[in-house]
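**Q** Handing you this structure, nothing more for now.
Read-outs throughout are calculated quantities, based only on the coordinates presented, and are distinct from any laboratory measurement. All values reported here derive from a predicted model rather than from experimental measurement. Neighbour counts are summed over all protein chains in view; Cβ atoms, including those assigned to glycine, are modelled from backbone coordinates with ideal geometry.
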Amino acid sequence: MVAAAERSDAVAMVAYMKRYDPAYERAQELLEDFDEIDLVTAYDIDLDHSRIIDEVYDLVNGTLPEGLLEESVTERREQLQQAIGTADEFLVDAYDFQLDYVCHDVNALRGLFGRVERIRDVDVIGESCTCPDWQQRSPAGGCKHLRRVDHEIKRGRVPRPDGRLPADAN
């Protein structure tokens with residue numbers, strides 16, 4: 001990773017902080033009692049994480065040069081677009097979310113459970129899934145994975161594809 005970063009103008013980072021979280025360490029202890037685990041579903045979506053910044057971090061406010069924030073946001077968007085080869089806003093936002101949030105959860109899950117064996121990809125917008133049930137039968141009402149995601153969205157546990165929870169749909 002270091003060599004790849006040095007050959008490019010990219011910034012490379014590794015973040016293992018969740019593996020040292022007391023809740024993670026407790027989960028490790030509890031998992032030792034299980035012989036086998038069939039399914040893991042993880043939710044860690046907080047669309048407004050900024051509300052906890054003051055509680056969690058000791059920040060020293062500074063004065064940024066005029067235009068720096070806007071330039072940084074523009075540069076990041078351009079880098080994301082280049083990385084995935086499209087300017088499609090939905091895809092750029094999804095990739096950005098993956099880099100900022102989901103990568104940490106995947107890392108924590110790999111630490112707890114080892115190598116990923118399979119990932120079911122549920123496409124809520126396209127109403128499809130990569131599971132064998134959907135691929136072979138396309139059941140009316142969707143497979144269990146599509147129904148589960150739909151249920152979680154309706155309960156307000158995960159956001160809709162547009163990023164809003166059902167309560168703020170209007």
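**Q** Between E127 and L39, what FRET efficiency comes out of the Förster formula 1/(1 + (r/R0)^6) with R0 = 25 Å and r the beta carbon distance, rounded to 0.05?
**A** Efficiency, from the Cβ-Cβ distance: 0.70.
**Q** Could I ask something else about it? Can you give the net charge of the other residues whose Cβ lies under 14 Å from the Cβ of E29, counting K and R as +1 and D and E as -1?
**A** After counting each charged neighbour, the total is -2.
**Q** Most exposed first by the Cβ proxy, i.e. fewest other Cβ within 10 Å, how do E32, E75 rank?
**A** Ranked by crowding around the Cβ, least crowded first: E32, E75.
**Q** How high is the FRET efficiency between F97 and V11 when r is their beta carbon distance and R₀ equals 22 Å, given to the nearest 0.05?
**A** 0.75
**Q** Given R₀ = 25 Å, what would the calculated FRET efficiency be for E152 paired with R115, taking r from the Cβ atoms and rounding to 0.05?
**A** 0.45
**Q** May I pose another question? Report the extension gain between D21 and T86 in nm, rounded to one decimal, defined as 0.36 nm multiplied by the number of residues separating them, less their alpha carbon distance.
**A** Result for the pair: 19.8 nm of gain on full extension.
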